[in-house]
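All of the numbers you see were taken from the coordinates with simple rules; none came from a lab. Computed from a predicted structure; not experimentally measured. Positions of Cβ are backbone-derived with ideal geometry, glycine not excepted, and every protein chain shown enters the neighbour counts.
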Amino acid sequence: MLNKKIEKAINTQINVEMWSAYLYLSMAAYCHSIGQTGMARWYEVQFKEEQDHAKILFNYVIQRNGRVILSAIDTVPTEWKSILDVFESTLEHEQEITAMINNLFALTTQENDYATQSMLKWFIDEQVEEEENAQTIIDNLNIIKDNGFGIYTLDKELGARAYTQAAPLANSIL
Ligand code: OFO
C-alpha cells in the first residue's frame, strides 16, 4: 500500500511530466515555425519520452494499490526569442524537474518508503541525461552562433534522434 503523502506527490509528478510533454510539443511547434524540422523532431521525441515518464509513475501507483488522480495540464509557453532561447529554456526546465525528483526522493527517505525510492533511481539517472543533452546542444549553439551552415548541420544531426521506449515500460501496455 502506498503512503498517502507519497501517493499525492507522485500524482503531482505525473501532472508535471505531462506538462513537460506538452511543453516539448509546443517547442516542436515553434521549431517547425522557424523551419528547423530536425530540431522539431528532437522535441517530438522529447514529447514521447515525457509521456513515458508519466506512464512509469502511473503504472507504479497502480502496482502499489494506490489511486492515480489526473488533473488539468496548465498552458505552456508558445514563443521563444531564438533557437538558443528554446534550448536554454529546456535546460532550465530540466533543472527544475531534477529538483522535484530530488524532493520526491527526500520524501521517500523521510517516510521510509524504500520501494518508491528504488523506482525513483531510474528518474535520478534520467535527469542527469536530460540536463546533459540540453547543455550539449547549448554548447554547440554557442560555438555555431549565426553560422548558417552550422545551424543547418546541427538541425540535421538533431533530426536523426530516434525514440526508444523507456526501459521500465517493457511489458507495459501503456
Ligand atoms: Fe521527465 O524529464 Fe524531462 O522534464
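As a check on your grasp of the helix formula, calculate [θ] at 222 nm for the chain: sum -39500 (n - 2.57) over DSSP H runs of n ≥ 4, divide by the residue count, round to the nearest 500. Each step should come with its number before you reach the end.
Numbers: 5 runs with 128 residues, N = 174.
Result for the chain, helices only: -26000 deg cm²/dmol.
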The chain: relative contact order as a whole-number percent, Cα under 8 Å and 6+ apart: 32 percent
Of Ser20, Ile124, Leu70, farthest towards positive along the dipole that unit charges on Lys, Arg, Asp, Glu beta carbons give the chain: Leu70
Alpha-carbon Debye profile of segment 50-95, log10 I(q)/I(0) at 0.25, 0.26, 0.29, 0.32 Å⁻¹: -0.95, -0.98, -1.06, -1.12
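May I ask you to give the average projected area over all directions of the convex hull of the Cα atoms of segment 18-174, in nm² rounded to one decimal?
On the way: hull surface 39.3 nm².
For segment 18-174, the mean projected area of the Cα convex hull comes to 9.8 nm².
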J(HN,Hα) series, segment 57-71, from Karplus relation 6.51 cos²θ - 1.76 cosθ + 1.60, nearest Hz, glycine and proline x: 5, 4, 4, 5, 4, 4, 4, 8, 6, x, 10, 7, 10, 8, 10
Members of Lys8/Lys48; Lys81/Lys121; Lys5/Lys81; Lys5/Lys55; Lys55/Lys81; Lys48/Lys81 lying beyond 28 Å, as alpha-carbon distances in this model show: Lys81/Lys121; Lys5/Lys81; Lys55/Lys81
Dipole magnitude of segment 4-165, debye to nearest 20 (Cβ charges: Lys/Arg +1, Asp/Glu -1, about Cα centre): 600 debye
Those chymotrypsin sites (Phe, Trp or Tyr not before Pro) in segment 130-164 that DSSP places in a loop and that have at most 15 other beta carbons within 10 Å: Tyr163
Peptides 78-88, 37-47 ordered by average Cβ neighbours within 10 Å, highest first: 37-47, 78-88
Hz values of 3J(HN,Hα) by residue in segment 100-114 - Karplus curve (6.51, -1.76, 1.60), Gly and Pro given as x: 5, 5, 4, 5, 5, 4, 4, 5, 5, 5, 4, 9, 6, 9, 6
